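Encoded as structure tokens, the structure appears first; notes follow it.
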Amino acid sequence: MLQSKSNPTLSKSTGLPRKRFYRARAHSNPLSDSHFPVPVSPSHVDYSLSYPLFFTSSDQADSSRKIKFADIGCGFGGLLISLSTLFPDTLMIGMELRDKVTEYVKERILALRISNHSQYQNISVVRTNSMKYIPNYFEKGQLSKMFFLFPDPHFKEKNHRRRVISMHLLDEYAYVLGIGGIIYTITDVEELGDWMKTCLESHPMFEALAEEELEADPVVKLLSSATEEGQKVARNGGQTFQAVYRRVVPSQ
Ligand SMILES: C[S@@+](CC[C@H](N)C(=O)[O-])C[C@H]1O[C@@H](n2cnc3c(N)ncnc32)[C@H](O)[C@@H]1O
């Protein structure tokens with residue numbers, strides 16, 4: 001039996017954490033200073049804490065196995081959980097600004113690890129501000145996929161600088177993505193969809209995937225269905241706008 005008998009925050013029937021114990025403010029300001037530990041460089045990220053089955057603290061330094069996928073603003077973690085079984089040998093991390101939401105995802109992953117022996121060992125979550133600390137977590141060219149699913153729209157023009165896709169941040173994402181790596185974005189806000197697409201289209205280090213490539217990629221199908229926000233939009237019959245781009249070497 002799972003830990004739910006002693007821990008009231010876990011559901012008795014599923015062993016999964018119950019959202020009502022992890023209520024969080026709808027938004028956090030990504031431009032304000034937060035207080036949480038940040039690794040000084042990617043080599044200081046302690047993989048043994050996130051992926052204990054794969055790493056003991058001693059083998060961490062010389063291991064060639066690195067995080068490959070990053071879900072930016074992962075919310076309640078639905079995408080990570082779907083990707084975990086689709087790519088069981090790939091290490092992935094969710095980056096989430098809200099403290100309680102991060103705690104929820106941590107508990108959710110732990111509960112899944114307990115109830116599905118040897119599965120879900122390749123996913124983890126960290127509380128951080130991706131707009132400030134991406135280079136602290138990933139080396140140049142380390143990532144092969146980055147996800148920006150239903151990011152906060154920040155409608156007012158004066159708040160556009162809080163958006164997680166911008167020309168300046170795309171420079172950082174281009175740095176941590178390997179050549180051929182893919183950025184996946186989706187939103188139900190048309191204006192934000194146009195904004196993300198325009199940024200990606202204008203950036204010399206990204207090129208749109210062709211229609212056939214989108215159809216052949218199993219991950220594209222998850223964009224609108226795997227996350228909690230995507231499911232909410234689908235329930236309400238909302239339209240979505242996606243932009244999927246590949247990191248390329250800029251042409252001379
Ligand atoms: C609208 S929710 C979408 C969550 C999830 N991707 C989904 O589709 O269900 C946006 C999430 O991004 C997080 N977020 C916003 N800015 C962030 C930042 N700078 N760094 C990390 N997370 C951020 C928010 O706390 C929120 O959980």
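None of the figures in this text is laboratory data; all of them are computed from the coordinates on show. Owing to the predicted nature of the structure, the values given are computational and were not obtained by experimental measurement. Cβ placement follows ideal geometry from the backbone for every residue including glycine, while neighbour counts extend to all protein chains displayed.
Before moving on, here are some points about what is shown:
- Among beta bridges identified by DSSP and lying wholly in the stretch 67-247, the antiparallel ones come to about 30 percent.
- Judged by the mean number of other Cβ atoms found within 10 Å, the most tightly packed of the peptides 15-21, 225-231 leads the ranking 225-231, 15-21.
- Order by protection proxy (mean Cβ within 10 Å, highest first), peptides 69-76, 49-56: 69-76, 49-56
- Estimated from helical segments only, the mean residue ellipticity of the chain at 222 nm is -9000 deg cm²/dmol, where each DSSP H run of four or more residues counts as -39500 (n - 2.57).
- Paramagnetic reach from residue 119 (point 7 Å along Cα→Cβ, amide N under 18 Å) across the stretch 81-96: 81-92
- Between the alpha-carbon centres of the stretch 196-220 and the stretch 65-141 there is a gap of 23 Å.
- C-alpha long axis of helix 190-202 to longest principal axis of the chain, angle in °: 70 degrees
- Peptides 81-89, 172-180 ordered by packing proxy, namely the average of other Cβ atoms within 10 Å per residue, highest first: 172-180, 81-89.
- Helix 167-176 and the longest principal axis of the C-alpha atoms of the chain enclose an angle of approximately 60°.
- Computed FRET value (nearest 0.05) for residue 207 with residue 228, which takes r as the C-beta separation and R₀ as 51 Å: 0.95
- Summarising the amide proton neighbourhood of residue 94: residues at separation of 5 or more, or on other chains, whose placed amide H is nearer than 5 Å comprise 71, 124, 125, 126.
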